[in-house]
Amino acid sequence: MIVTTDATGILPTAADEARLWALIESAWAGLDAEALALRRAIAERDPDSDDDVRFYAIDDWLAPFLARLGALSGELSARELTDLDRVVERKLYDIDREDIHEVTDGSDDGFLYCRGFIVALGRAYYEAVRANPALALEDADCEDMCYFFAHLHNDRFGGWPQTGSGISRESFGNPAGWST
C-alpha cells in the first residue's frame, strides 16, 4: 500500500474516497423513491428560490439512511473503517470554509453538523456546495455523519481510529478556508 501525505499528514486514497461515496449512494439507494427525489432536488435546486422549507423533509430520511449505512459497513475491518473515517475527516475539513458558513450558519458544533449533512447527502451535493456555497441549506445538519465511521470503529474494536491525517474535522480548523 502506498501512503500519500501532504504537509499535514496522511491523505485519503482515491479508492477510499470512491468507496465512501459508493457506500453513501448504496445506503440512499435502499430507501424510498421519495427520499431519492428529495435528495436530488436539494442538489439541483435554485439557491435563490424562497422554497427551501420543503427540502427540510429530508430530515425524516437521515435516520433510515444512517441505519442502512451502518448495515453496509457492519463487516468492515478496523483498517477499512479508519480509511473511511480519514475520508470523512478530509471532506469535512475541505468544506470548513467561511463562505459555506455564511450560508449554513451555526456555532462551532452546529457548523460541523451542517458539514456532516453536506457529506451525508452524497458526492453530487457535496461537490455542488463546494462549487456554489449558496446551495447549502441553513441549519440542515447530520451530526452522526461527522464521526460515523469513528463510532463504528470504537464500537467494534474498542477505540477511536488513528487516521494520521494531521487535520481536524472540527469547525474553523482549516486555515485556508477562513480570512484572517
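Considering the conditions (1) surrounded by 12 or more Cβ atoms within 10 Å (Cβ to Cβ); (2) assigned to a helix (DSSP H, G or I); (3) modelled with pLDDT under 90, Leu20 is excluded by exactly one of them, (3). Report whether or not Arg115 is touching a strand residue (DSSP E or B) at 6+ places or on another chain (Cβ under 9 Å) and under 23 Å from Pro161 (Cα atoms). No, not satisfied.
What about Glu25, is it modelled with pLDDT of 95 or more, loosely packed, with under 11 Cβ neighbours inside 10 Å and either under 25 Å from Val103 (Cα atoms) or of a type in the set (Asp, Glu) (or both)?
Numbers: modelled with pLDDT of 95 or more: yes; loosely packed, with under 11 Cβ neighbours inside 10 Å: no; either under 25 Å from Val103 (Cα atoms) or of a type in the set (Asp, Glu) (or both): yes.
Spelling it out, it is not the case that Glu25 is modelled with pLDDT of 95 or more, loosely packed, with under 11 Cβ neighbours inside 10 Å and either under 25 Å from Val103 (Cα atoms) or of a type in the set (Asp, Glu) (or both).
The values are calculated or read from the model by the stated rules, or taken from the named source; none is laboratory data. Just so we're clear, the structure is a prediction, and the values are computed from it rather than from any experiment. Using ideal geometry, Cβ is built from the backbone for each residue, glycine included, and neighbour counts are taken over all protein chains shown.
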